[in-house]
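The values are calculated or read from the model by the stated rules, or taken from the named source; none is laboratory data. Computed from a predicted structure; not experimentally measured. With ideal geometry, Cβ positions are generated from the backbone for all residues, glycine too; neighbour counts draw on all protein chains shown.
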Amino acid sequence: MNTNGNNNTKGEAPLEPKNLNDAKIELMSGAEAAASVEAYAGSAATGEVAPDVKKLTRADFVSGQEVRWCPGCGDYSILNNVQKVMPELGIPREKVVFISGIGCSSRFPYYMNTFGFHTIHGRAPGFATGVKTANPDLSVWVVTGDGDALSIGGNHFMHVIRRNLDINYLLFNNRIYGLTKGQYSPTSEQGKRTKSSPMGVVDFPINPVSLAVASEATFVARSLDIDVKHLSHTIEAAARHKGTSFVEIYQNCNIFNDGAFQYFTDRAIRSDNMLYLEHGKPLVFGKNSDKGIRIVGSQPEVIELNATTNLTADDCHTHDIHSPDSSLAFILGRMEQPRFPQPVGIFRQVERDTYEEQVAAQIEDAIEKQGRGRLAKLINSGDTWTVGEGDAVGGFMPAASGDNTETVTGSSPD
Ligand SMILES: Cc1ncc(C[n+]2csc(CCOP(=O)(O)OP(=O)(O)O)c2C)c(N)n1
Ligand code: SF4
Ligand SMILES: [Mg+2]
């Protein structure tokens, strides 16, 4: 295993590619799985983990699938970090589901030794909504790319975010379509020359953080593939948040958009060009902590902290992730290089009822008032028709239990 978590390292025997169904059977049939489910159920009730169950490790979350990303891709680091964080959460593998759309990033579920769905382009949020609503006890993760989430899945993005299911949403932003070999994406910078923009991108890019904040996200964060410590900390914080946790991860696509973030992430200039957001702390940055951000009206401003300006950290804005007013997170999310340091960290974390809890409460309420329903009765209630035998154009006969008593031939009932 190399530092990127690449299973294809020279000198190591490649792991045997397995088919997903095998992996699934393996997960469900072991006595260990049964024991850990029991332990999980117990821990949910008591808040403790049963002592007789072994603690999972990172290796338990590594699937036997051959990783097919290009060597050096930032996706490896993200995978590695997610696998590292999973055991810390104390959730058994069979209670975890990774759901993706289409793209390089969306190959992620294959590599996690958990349940997973590699679904259709941009539609992971719909699958996640169904999975979580029907199985609220599952830990549900959406993994997506900038194209998958913001182009074809743009509409689904804002709705899953505002819905606030208790899920985790990881957006791998490499500012390019990787899988389809280098077309520009909704996060590509203006002027960028790509295979689909030979004279430079004309579209203005989307800022995923400000879009998430504007979509009423209850948790919004940003991190980067190359800052392993920050990334694992952010992923864990997202997983522990109750509600939809949105995390944008700057991810290098070394084949089609190499060095896309280097202008602020390069080690030599990082401290002067990035701002690490910390709750309750003043917004200070710079190699010598000699710069800060203050907010004047609704405008952020970079200030120099020194004896000449007579400004100190006390003059900087103090970051409050729990502020009920989302406009501060919006302001910070829109700060960009080169005018401002590029902010990473948690922008916002607030509480709001989750979708699945509210749906469950409505169902309980309906059962209490009307009793348990029967699906067959529901389907056969109201106006229902049986298509008449031998009538190809569309003859309709009333169903036995329907209210409609007329046979309609040759046209559809309104
Ligand atoms: C309906 C549909 N339209 C287009 C495609 C082609 N396609 C596959 S992945 C992709 C973009 C992926 O980009 P992104 O989400 O940024 O993922 P990355 O590969 O960069 O991780 C496109 C356009 C498709 N598979 N299905
Ligand atoms: S094309 Fe880019 S994003 Fe896709 S696997 Fe290769 S380096 Fe990673
Ligand atoms: Mg991409």
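Tabulated data for the structure shown
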{"read-out": "Those residues of the stretch 64-103 which are more than 23 Å from Asn135 (Cα to Cα) and away from ligand 3 (no atom under 16 Å from the Cβ), in sequence order", "value": "Gly64, Gln65, Glu66, Val67, Pro71, Asn80, Asn81, Lys84"}
{"read-out": "Matching residues in the stretch 120-154 - criterion: being over 18 Å from Pro205 (Cβ atoms) and either part of a helix (DSSP H, G or I) or modelled with pLDDT under 95 (or both)", "value": "Ala124, Pro125, Gly126, Phe127, Ala128, Thr129, Gly130, Val131, Lys132, Thr133, Ala134"}
{"read-out": "Residue match in the stretch 66-74 (condition: more than 11 Å from ligand 2 (Cβ to nearest atom), at pLDDT 95 or above and under 16 Å from the mean Cα position of the chain (by Cα))", "value": "no"}
{"read-out": "Scan of the stretch 306-335 for residues that are under 11 Å from Leu275 (Cβ atoms) and under 27 Å from the mean Cα position of the chain (by Cα), ordered by number", "value": "His319, Leu332, Met335"}
{"read-out": "Residue that is within 14 Å of the chain's Cα centre (by Cα) and over 28 Å from Glu357 (Cβ atoms), where the choices are Phe172, Phe219, Phe204", "value": "Phe172"}
{"read-out": "Subset of the stretch 181-202 [at positive phi and away from ligand 3 (no atom under 11 Å from the Cβ)]", "value": "Lys181, Gly191, Gly200"}
{"read-out": "Identity of the residue in the stretch 121-147, within 16 Å of ligand 1 (Cβ to nearest atom) and farther than 20 Å from Val82 by Cβ, that ends up surrounded by the fewest Cβ atoms within 10 Å (Cβ to Cβ)", "value": "His121"}
{"read-out": "Given (1) within 16 Å of the chain's Cα centre (by Cα); (2) in contact (Cβ under 8 Å) with a residue 24 or more places away in the chain; (3) within 16 Å of ligand 2 (Cβ to nearest atom), number of the condition Thr129 does not satisfy", "value": "(3)"}
{"read-out": "Test: residue in the stretch 270-277 that is over 30 Å from Glu356 (Cβ atoms) and among the basic types (Lys, Arg)", "value": "yes"}
{"read-out": "Residue in the stretch 135-143 that is in the same structural domain as Thr234 (by TED's automatic domain parsing) and in contact with a Ser or Thr (Cβ under 6 Å, 6 or more places away or on another chain) present", "value": "yes"}
{"read-out": "Ser196 under 22 Å from Val247 (Cα atoms) and among the hydroxyl-bearing types (Ser, Thr, Tyr)", "value": "no"}
{"read-out": "Pair list, Cβ < 6 Å and 6+ apart or interchain, from the stretch 149-171 residues that are over 18 Å from Ser188 (Cα atoms) and in the same structural domain as Arg123 (by TED's automatic domain parsing) to residues that are of a type in the set (Phe, Trp, Tyr) and in a helix (DSSP H, G or I)", "value": "Arg163/Tyr355; Asn164/Tyr355; Leu165/Tyr355"}
{"read-out": "Among the residues listed as Gly122, Gly126, Gly153, Gly178, the single one being more than 13 Å from ligand 3 (Cβ to nearest atom) and out of contact with any strand residue (DSSP E or B) (no Cβ under 6 Å at 6 or more places or on another chain)", "value": "Gly126"}
{"read-out": "Condition broken by Lys287, with the remaining ones in (1) touching an Asp or Glu at 6+ places or on another chain (Cβ under 9 Å); (2) surrounded by 13 or more Cβ atoms within 10 Å (Cβ to Cβ) satisfied", "value": "(2)"}
{"read-out": "Top-ranked residue in the stretch 86-101 [being in contact with a Lys or Arg (Cβ under 9 Å, 6 or more places away or on another chain) and not small (Gly, Ala, Ser); ranked as nearest to Leu171 (Cα to Cα)]", "value": "Val97"}
{"read-out": "Per-region count, the stretch 282-321, residues under 21 Å from Glu216 (Cα atoms) and touching a strand residue (DSSP E or B) at 6+ places or on another chain (Cβ under 6 Å)", "value": "1"}
{"read-out": "Qualifying residues in the stretch 244-259 (those that are of a type in the set (A, V, I, L, M, F, W, C) and more than 21 Å from the chain's Cα centre (by Cα)) - the one nearest to ligand 1 (Cβ to nearest atom)", "value": "Phe256"}
{"read-out": "Odd one out for Ile293 among (1) under 30 Å from Gly200 (Cα atoms); (2) among the aliphatic types (A, V, I, L, M); (3) surrounded by 14 or more Cβ atoms within 10 Å (Cβ to Cβ)", "value": "(1)"}
{"read-out": "Among residues of the stretch 155-184, those that are under 20 Å from Val213 (Cβ atoms) and in a loop (DSSP other than H, G, I, E, B), counted", "value": "4"}
{"read-out": "Flag if Gln190 is within 13 Å of ligand 1 (Cβ to nearest atom) and assigned by TED's automatic domain parsing to the domain that holds Leu231", "value": "no"}
{"read-out": "Check on Leu150, within 11 Å of the chain's Cα centre (by Cα) and either closer than 21 Å to Arg222 by Cβ or surrounded by 23 or more Cβ atoms within 10 Å (Cβ to Cβ) (or both)", "value": "no"}
